[in-house]
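Engineer: Have a look at the structure that comes next, please.
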Amino acid sequence: MEGETIVQIREAVRALCREFPGEYWRRVDRGRAYPTEFVEALTRSGFLAVLIPEEYGGSGLGIRAACAILEEIHASGGNGAACHAQMYTMGTVLRHGSAAQKARWLPAVARGELRLQAFGVTEPGAGTDTSSIRTTAVRRGDCWVVDGQKIWTSRAEHSDLMLLLARTTPKDQVGRRTDGLSVFLLDMRDAVGRGLEIRPIRTMINHATTEVFFDGLEIPADSLVGEEGKGFRHILDGMNAERILIAAECIGDGRWFVEKAGGYAREREVFGRPIGRNQGVQFPIARAHVQVEAARLMVEKAAGLYDAGLPCGAEANMAKLLASEASWAAADTCLQTHGGFGFAEEYDVERKFRETRLYQVAPVSTNMILSYVAEHVLGLPRSY
């Protein structure tokens, strides 16, 4: 039954995406706009509530269903970055949020009345060294006071809620460097202008990313998610989900590039013959397909472990590395196959090329993944 459900989800997502063809995404990209219509359509269809339990108005499905949704969005030529955070933040909220928090927020998120799209973790001086973040939350009476700065906080301007990681115990007062961090579910609607400032960052891809500044922002005491000081462990559930879901997006991108390259190679004639007849053209496309299919297996393995509640840090990281490298190789092949036309906006190749390149860097860089595997899987000495 579960397999049938996934198939049905894929078909429904493809049908929805046909309403948002390349022309739509080119227009959004050209104007650096947020794809509001697309996000609203996904919300109405219930796809953004796929991980929310049925008791709160969601579908109550697992991360494999979420992967199918995001993969099909990308395979259809779209981009799930405008809304994927609402899926991967659920890992932390569902596993560590209180019953009161879930009852308060999740039904409204499931109905589309609220957006949980902002994930405040990365900082200018910390990057992937999450334990070195400097944003602080200090308890004062019945509230927490937040001060600091986050960067690359995408969708902050289009979200109502933010999952925020802040230090609640100074680093020099904890036994392990990952201790003393706490997670908060922050309502941003009334915070802007009274201690919260959001500044857009223009980048080579249209991800609506921002810098976020906290200056004495007071948030209610019940904003704390899970146990105080254990936020790093809590946030890992979100990070593993993020890696798996991003990997699924890369699989979708890879499929799109392979199909696009193959279609062009069959139709484009040079010297009186289709260019796809030449092994120099067809072999890279075939190799890209093989790489995408191989990466897909690791994504499926990681998603299965996550849904089963089993440790999946290594698999989530390896899935993200393999899928991002496969999508990037497919992107390069697709662009090369198209030649000069690959740089033309109307073919959508250059947009997707830019978009999929990000995943070599974020949400975690390839080198950090290799360091993780070396240390935690192979037992080699810590390199940093």
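The values are calculated or read from the model by the stated rules, or taken from the named source; none is laboratory data. Owing to the predicted nature of the structure, the values given are computational and were not obtained by experimental measurement. In this analysis, Cβ positions are derived from the backbone assuming ideal geometry, glycine residues included, and neighbour counts consider all displayed protein chains. When the accessible area is computed, the model is the full protein with side chains, heavy atoms only, and any ligands, DNA or RNA have been set aside. Shrake-Rupley method; radii C 1.70, N 1.55, O 1.52, S 1.80 Å.
Engineer: Which aspartates and glutamates, on any chain, are close to Lys150 with Cα under 14 Å apart, when same-chain ones fewer than 8 places away are left out?
Structural biologist: Excluding near neighbours in sequence, the set is Glu123, Asp129, Glu197, Glu211, Asp215.
Engineer: Shifting gears a bit: For the pair Glu293 and Ala221, how long in nm is the line joining their label points, each one 7 Å along Cα→Cβ?
Structural biologist: 5.9
Engineer: Pick from Gly339, Gly127, Gly272: which is most flexible by mean-square fluctuation in a GNM of the chain where alpha carbon atoms under 10 Å apart are linked?
Structural biologist: Top of the fluctuation ranking is Gly272.
Engineer: Counting each DSSP H run of 4 or more residues in the chain as -39500 (n - 2.57), what helix-only mean residue ellipticity at 222 nm follows after dividing by all residues, to the nearest 500 deg cm²/dmol? List each step's numbers first, then the result.
Structural biologist: Working: 12 runs with 179 residues, N = 384.
One gets -15000 deg cm²/dmol as the mean residue ellipticity at 222 nm.
Engineer: Between Asn367 and Glu40, what is the label-to-label distance in nm when each label sits 7 Å out along the Cα-to-Cβ direction?
Structural biologist: 4.4
Engineer: When ranked by the protection proxy of mean other Cβ atoms within 10 Å per residue, highest first, what sequence do the peptides 319-325, 293-299, 175-181 form?
Structural biologist: On the way: 319-325: 27.0, 293-299: 19.1, 175-181: 16.0.
Highest mean packing first, the order is 319-325, 293-299, 175-181.
Engineer: Angle, helix 231-267 long axis vs. longest principal axis of the chain, Cα atoms, 0 to 90°, nearest 10?
Structural biologist: 10
Engineer: On a 0 to 90 degree scale, rounded to 10, what angle separates helix 313-338 from the longest Cα axis of the chain?
Structural biologist: Here the helix axis deviates by roughly 40 degrees.
Engineer: To the nearest 10 degrees, how steeply does helix 99-111 sit against the main Cα axis of the chain, on a 0 to 90 scale?
Structural biologist: 30
Engineer: Work out, step by step, the length gained on full extension between Glu23 and Asp129: first 0.36 nm times the residue separation, then minus their alpha carbon distance; give nm to one decimal. Show your work: numbers first, answer last.
Structural biologist: Details: separation 106, 0.36 × 106 = 38.16 nm, distance 3.92 nm.
Stretched fully, the Glu23-Asp129 segment lengthens by 34.2 nm.
Engineer: Restricting things to alpha carbons, find the Rg to Rh ratio for segment 204-316 using the Kirkwood radius for Rh. If you can, show how the numbers build up before the last one.
Structural biologist: On the way: Rg = 22.0 Å, Rh = 18.2 Å.
With Rg and the Kirkwood Rh in hand, the quotient comes to 1.21.
Engineer: Let me ask another. So who's got an amide H within less than 5 Å of the one on Ala126, skipping anything under 5 residues away but keeping other chains? H placed 1.01 Å off N, in plane.
Structural biologist: Sorted by chain and number, the residues that satisfy this come to none at all.
Engineer: Determine one quarter of the surface area of the Cα convex hull of segment 28-77, which equals its mean projected area, and express it in nm² to one decimal. Write out the running numbers ahead of the final one.
Structural biologist: Working: hull surface 15.5 nm².
So the mean shadow area of the Cα hull is 3.9 nm².
Engineer: Shifting gears a bit: From the phi angles alone, apply the Karplus equation (6.51, -1.76, 1.60; θ = phi - 60°) to segment 278-286 and give each ³J(HN,Hα) in whole Hz, x where the residue is Gly or Pro.
Structural biologist: 7, 4, x, 9, 6, 5, x, 5, 5
Engineer: Would you work out what percent of the accessible area of segment 78-215, with all protein chains in place, is carbon or sulfur (probe 1.4 Å)?
Structural biologist: Numbers: 2600 of 5580 Å².
C and S atoms contribute 47 percent here.
Engineer: Quick one: what are the phi-derived ³J(HN,Hα) couplings along segment 151-161, Karplus 6.51/-1.76/1.60 with θ = phi - 60°, whole Hz, x for glycine and proline?
Structural biologist: Values, residue by residue: 9, 6, 8, 6, 6, 4, 6, 10, 10, 8, 10 Hz.
Engineer: Okay, moving on. List the residues whose amide H sits under 5 Å from the amide H of Ser98, counting only those 5 or more places along or on another chain, with H placed 1.01 Å from N in the peptide plane.
Structural biologist: So Ser98 has HN proximity to Gly226.
Engineer: In Å², what does the accessible area per residue of the chain work out to with a 1.4 Å probe? All intermediate terms of the calculation are to be shown ahead of the outcome.
Structural biologist: Numbers: 17090 Å² over 384 residues.
Averaged over the residues of the chain, the accessible area is 45 Å².
Engineer: Here is a further query. Which whole-Hz couplings ³J(HN,Hα) result when phi for each residue of segment 300-305 is put into the Karplus expression 6.51 cos²θ - 1.76 cosθ + 1.60, θ = phi - 60°, listed in order with x for Gly and Pro?
Structural biologist: Calculated HN-Hα couplings, in order: 4, 5, 4, 5, x, 5 Hz.
Engineer: Place the peptides 361-367, 326-332, 57-63 in order of packing, highest mean first, counting for every residue the other Cβ atoms within 10 Å and averaging per peptide.
Structural biologist: Details: 361-367: 16.7, 326-332: 25.6, 57-63: 19.3.
The densest-packed peptide leads the list: 326-332, 57-63, 361-367.
Engineer: In terms of Cα to Cα distance under 12 Å, which aspartates and glutamates are near enough to Lys301, apart from those fewer than 8 places away along the same chain?
Structural biologist: Straight-line reach from Lys301, under 12 Å: Glu315.
Engineer: Continuing with the same structure: Report, by chain and number, residues whose modeled amide H sits under 5 Å from the one on Gly120, excluding near sequence neighbours (fewer than 5 apart, same chain).
Structural biologist: Amide H to amide H, under 5 Å and 5 or more residues apart or across chains, Gly120 pairs with Leu163, Leu164, Leu165.
Engineer: A further question follows. Express in nm, to one decimal, how much length is gained between Asp190 and Leu310 on full extension, taking 0.36 nm for each residue of separation and deducting their alpha carbon distance.
Structural biologist: That pair, Asp190 and Leu310, stretches by 39.4 nm at full extension.
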